[in-house]
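What follows is a single structure, written as structure tokens, with notes after it.
The values are calculated or read from the model by the stated rules, or taken from the named source; none is laboratory data. Predicted model only: the values in this text are computed from it and were never measured. FYI the Cβ positions are ideal-geometry reconstructions off the backbone, even for glycines, and counts take in every protein chain you see.
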């Protein structure tokens with residue numbers, strides 16, 4: 001009764017939206033607030049509860065008893081930064097599980113994590129000094145959550161590429177229906193399930209702004225990572241790299257920049273300069289998300 005798939009993150013990259021939609025699919029079951037303590041939707045077995053002694057492998061498996069006869073999954077973004085020992089343990093229990101990993105521009109993902117972190121402590125990011133925010137950006141746990149190459153390399157040590165699906169937040173925004181159909185094919189469930197796809201909860205706050213100076217700081221921090229990631233994936237990662245280099249070399253004059261960054265002028269600049277046809281993000285354009293072998297092959301990556 002162990003789950004058929006694990007949604008391993010990344011945090012602030014669309015996992016709440018994913019959970020919300022997958023639980024509506026008639027052939028898929030994911031834990032809901034009714035079966036988890038404190039009204040949560042994330043199980044946190046491999047990163048927390050296994051240490052706290054609140055669950056063991058058998059009781060973890062029994063959580064998914066209610067989903068018997070359907071495809072079951074555990075979506076817990078903290079799993080993205082599990083160490084190799086924990087990933088090995090997960091693989092020993094469910095070697096055939098499918099792995100779903102969502103990625104978001106690390107500049108805005110990091111900023112969004114900061115906003116959430118301080119909001120929970122009743123502190124607004126606007127009230128904090130730049131040095132305090134930069135200290136937060138440099139925390140090990142924050143950096144690890146945006147180190148997508150390291151995350152994927154760790155999971156690939158135990159799960160083959162064909163069992164790993166990589167999704168991009170841009171696809172969730174521009175192509176939610178086609179994104180889900182690609183994911184359903186990966187999970188081997190019906191792609192024509194009769195239910196209404198929702199775009200709610202992609203961004204609970206809608207379009208926001210972040211200080212351009214701090215966006216440029218994050219761009220410098222992640223530039224080298226993005227350059228290497230772009231070699232693997234191309235597509236939207238090329239936009240992330242464009243944003244980073246523009247923010248480093250010629251940042252917009254405005255004090256604040258909109259994010260998600262596709263809501264900023266940087267998106268229009270990149271689309272125009274890329275010369276792609278059909279236009280990226282348009283109805284005619286294809287989603288970039290998919291099983292790891294297919295998207296790295298399409299990009300000419302490794």
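Scanning region 249-302 for residues that are surrounded by fewer than 18 Cβ atoms within 10 Å (Cβ to Cβ) and within 22 Å of residue 156 (Cβ to Cβ) yields 293, 294, 297, 298, 299, 300, 301, 302.
The set of residues from region 183-198 being at pLDDT below 65 and either surrounded by 14 or more Cβ atoms within 10 Å (Cβ to Cβ) or under 20 Å from the mean Cα position of the chain (by Cα) (or both) comprises just one member, 193.
Just for region 254-281: of the residues that are touching a residue at least 24 places away in the same chain (Cβ under 8 Å) and out of contact with any helix residue (DSSP H, G or I) (no Cβ under 8 Å at 6 or more places or on another chain), which one is farthest from residue 112 (Cα to Cα)? Here the residue is 263.
Scanning region 244-261 for residues that are assigned to a helix (DSSP H, G or I) and farther than 10 Å from residue 216 by Cβ yields 245, 261.
Here residue 121 fulfils each of the conditions (1) surrounded by fewer than 14 Cβ atoms within 10 Å (Cβ to Cβ); (2) assigned to a helix (DSSP H, G or I) apart from (2). Scanning region 63-77 for residues that are in contact with a helix residue (DSSP H, G or I) (Cβ under 6 Å, 6 or more places away or on another chain) and either under 14 Å from residue 41 (Cβ atoms) or assigned to a loop (DSSP other than H, G, I, E, B) (or both) returns 75, 77.
Within region 285-297, restricting attention to residues that are in contact with a helix residue (DSSP H, G or I) (Cβ under 6 Å, 6 or more places away or on another chain) and part of a loop (DSSP other than H, G, I, E, B), the residue that is nearest to residue 18 (Cα to Cα) is 289. When 107, 99, 151 are checked against the criterion of being assigned to a helix (DSSP H, G or I), under 18 Å from residue 44 (Cβ atoms), in contact with a helix residue (DSSP H, G or I) (Cβ under 9 Å, 6 or more places away or on another chain) and modelled with pLDDT of 95 or more, 151 stands alone in meeting it.
Scanning region 1-44 for residues that are over 19 Å from the mean Cα position of the chain (by Cα), outside any loop (DSSP other than H, G, I, E, B) and farther than 18 Å from residue 191 by Cβ yields a total of 3. Tell me, yes or no, whether region 159-166 has at least one residue that is in a loop (DSSP other than H, G, I, E, B), at pLDDT 95 or above and within 24 Å of residue 292 (Cβ to Cβ). Yes, region 159-166 has at least one match. Which ones in region 224-243 are more than 20 Å from residue 143 (Cβ to Cβ), in a helix (DSSP H, G or I) and in contact with a strand residue (DSSP E or B) (Cβ under 9 Å, 6 or more places away or on another chain)? Selection gives 236 alone.
Quick one: count up the residues across region 262-284 that are part of a loop (DSSP other than H, G, I, E, B) and within 21 Å of the chain's Cα centre (by Cα).
Count: 3.
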